Amino acid sequence: MTKALEDIRILDMTHVQSGPTCTQLLAWFGADVIKVERPGIGDITRGQLRDIPDVDSLYFTMLNANKRSITLNTKTDKGRAIFTKLIETCDVMIENFAPGALDRMGFNWQRIQEINPRMIYASVKGFGPGPYENCKVYENVAQCTGGSASTTGFGDGPPVVTGAQIGDTGTGLNLALGIITALYHREKTGKGQRVECAMQDGVLNLCRVKLRDQQRLAHGPLKEYPQFPHGTFTDEVPRAGHASGGGQPGHVVKCAHSGPHPGEHGAHGANDYAYVIIQPQGWEPLMKIVGREDLIDDPEWATPEARLTKLDDCFALIEGWTITKDKFEVMEILNEHEIPCGPILSMKELAEEPSLRKTGTVVEVDHPERGKYLTVGNPIKLSDSPTDVERSPLLGEHTEEILRDVVGLSDQEIKDAREEGAI
Ligand code: CAO
């Protein structure tokens, strides 16, 4: 079966997480992704958070599947000449260096267009044009400057960063969409273009419900927030704890312990919880399940408006029942009544979940140095272009084949480049 992006060649100058997320996705769709790395060093993540000495870390292997690796020092004359040839032959160039790094290598957008007017040049930076445009940015900085941290956590606690890599992976996804759009545009115009994604913009975009709430605040308190019954609002969107960001209230509730081993707090495990949402039509079945039929038609409880001042009490009633069932039983029983809910799944449970293996969302691959490891698969499923996840490349594993087949160097030229330290 052909792959959707089979004839697209990507010059991948990315490192760490945001850029590699994007190029991995394009590689999963079939693009030939050529990852350019510094000789002897490579992407810094190869050596970070290592679980096995001297073996590429899982950090690296889980972000660089299906790519080829070439080592190239773009700051040598020969390296620059090879790099220029790669720009000539590739469709897309992607980088997420600190602002100005590519200019310092001698390759700004103007120069890239001169070399290849069809080139799509895509980059991730921490910020767009403005006061912070020259700053280096990592994931949690983006979460803090994009509005996520100020709205995450509990009202009486400090801002909290989330485990989902919304700044890095989130921005990588935006970049991939920008690139595909620019490729489509190139079909019509014959010309490449610049694609820029800022991590702050990406996080803020994901936090749009909070920007919504900031504007709602001007017209009164946010009634679905846990602060509402206590009237503790300022002129800024507060941290909402477990409260749902949507129109239906939801909360985390404690469940009985699942599985054979007691959790770290005696019989209760760290993830023996479920998230339950009360839709208007869910109130009746929920009250039947928890044994409080008397509240179904009680005007003090019967409507979503009446419940807004006592959401804590509503979820306490529900928790009185969930604590007698494990989270999977809660899921099963509530779903029989079409009540939206979900067990809090740990990484251990997700890694072992057979249905995720079956769909290719979690995949096991083999690596010549580390052996078998688990990695994420493509979360986007195409019927006619299925993803086959392949292990990440070793540093410089494909240098010679790329120099020969893509750049067109002879064996002698490759030998010279190696002697000069360009590769
Ligand atoms: N040959 C020669 N030099 C190379 C090279 C190659 N193949 N590949 C990289 N380099 C050089 C760069 O040119 C740069 O050199 P100069 O600073 O002298 O110009 C240097 O290596 C390192 O680049 P950097 O400044 O981007 O790296 P850093 O580790 O200091 O910063 C990061 C990392 C992520 C903070 C920064 O790249 C950044 O802000 N990127 C944009 C935002 C982003 O994507 N962040 C997400 C990171 S994931 O959390």
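Rule-based calculations on the coordinates, nothing more; no lab input. Computed from a prediction, not measured in an experiment: that's the story for all the values here. Note that each Cβ is placed from the backbone with ideal geometry, even for glycine, and that neighbours are counted across all protein chains shown.
Using the Cα centre of the chain as the reference point, and only Cβ charges (+1 on K/R, -1 on D/E), how large is the resulting charge dipole? Debye, rounded to the nearest 20.
Approximately 1200 debye in magnitude.
Mean projection of the alpha-carbon convex hull of the range 282-423 over all orientations, in nm²?
That works out to 15.9 nm².
Throw me the Rg/Rh for the chain, computed over C-alpha atoms with Kirkwood Rh, two decimals.
Taking Rh as the inverse mean 1/r over Cα pairs, Rg/Rh reads 1.05.
So how far, in whole Å, is the C-alpha centre of the range 147-183 from the one of the range 205-238?
What the calculation gives is 20 Å, centre to centre.
I'd like the distance between the alpha-carbon centres of the range 366-402 and the range 270-309, rounded to an integer number of Å.
For the range 366-402 versus the range 270-309, the Cα centre distance is 47 Å.
Can you sort 189, 145, 232 from fewest to most other Cβ atoms within 10 Å of each residue's own Cβ?
Ordered by Cβ neighbours within 10 Å, fewest first: 189, 232, 145.
Which residue fluctuates most in the GNM of the chain (Cα springs below 10 Å): 85, 210, 288?
Fluctuation is largest for 288.
Over all directions, the average projected area of the alpha-carbon convex hull for the range 249-339 comes to how many nm²?
Directional mean of the projected Cα hull area for the range 249-339 stands at 5.7 nm².
Counting other Cβ atoms within 10 Å, which chymotrypsin sites (Phe, Trp or Tyr not before Pro) in the range 114-190 have at most 15 and lie in a DSSP loop?
138, 154
Quick one: compute the contact order of the range 249-339, relative version, from alpha carbon pairs under 8 angstrom and 6+ residues apart, as a percent.
Relative contact order for the range 249-339 comes out at 41 percent.
May I ask what percent, to the nearest 5, of DSSP beta bridges between residues of the range 238-360 are antiparallel?
The antiparallel proportion sits near 90 percent.
From the alpha carbon gyration tensor of the range 57-121, can you work out the equivalent ellipsoid semi-axes (sqrt of 5 times each eigenvalue) and give them in Å, largest to smallest?
One finds semi-axes of 22, 14, 13 Å for the range 57-121.
Filter the trypsin sites (Lys or Arg not before Pro) in the range 375-423 to those in DSSP coil with at most 12 other Cβ atoms within 10 Å of their Cβ, and list the result.
The qualifying sites are 381.
How long are the semi-axes of the equivalent ellipsoid of the range 1-102, taking √(5λ) for every eigenvalue λ of the Cα gyration tensor, in whole Å from largest down?
21, 19, 11
For the range 110-247, with only Lys/Arg (+1) and Asp/Glu (-1) charged at the beta-carbon, what is the dipole magnitude about the Cα centre, in debye rounded to 20?
Computed charge dipole of the range 110-247: roughly 520 debye.
Would you mind checking the radius of gyration and Dmax of the range 172-248 based on alpha-carbon positions, in Å?
19.0, 60
For the range 21-86 and the range 119-142, what is the separation of their C-alpha centers, rounded to whole Å?
So the separation of the two Cα centres works out to 20 Å.
For Cα pairs less than 8 Å apart in space and 6+ apart in sequence, what is the mean separation divided by the residue count of the range 1-91, i.e. the relative contact order in percent?
32
How big is the range 208-288 in terms of Cα radius of gyration and Dmax, in angstroms?
Values for the range 208-288 (Cα only, Rg and Dmax): 16.6, 51 Å.
Extent of the range 166-206 along each principal axis, from alpha carbon coordinates, in Å, largest to smallest?
Extents along the principal axes, in whole Å: 33, 13, 12.
Out of 370, 46, 38, any idea which swings most in a Gaussian network model of the chain, alpha carbons joined below 10 Å?
Of the options given, 370 has the highest mean-square fluctuation.
Taking the chain as a Gaussian network, Cα atoms linked when under 10 Å apart, which of 139, 336, 88 shows the biggest mean-square fluctuation?
336
Check cross-link reach from residue 415 to the aspartates and glutamates: straight Cα distance under 14 Å, and skip same-chain residues fewer than eight apart.
Qualifying aspartates and glutamates at Cα under 14 Å: 400, 401.
Ranked highest first by the average count of other Cβ atoms within 10 Å around their residues, in what order do 4-13, 57-66 fall?
57-66, 4-13
For the chain, give me the percentage of DSSP beta bridges that are antiparallel, rounded to the nearest 5 percent.
Rounded to the nearest five, the antiparallel share is 40 percent.
If you place +1 on the Cβ of every Lys and Arg and -1 on the Cβ of every Asp and Glu, how big does the dipole about the Cα centre of the range 249-339 come out, in debye to the nearest 20?
240
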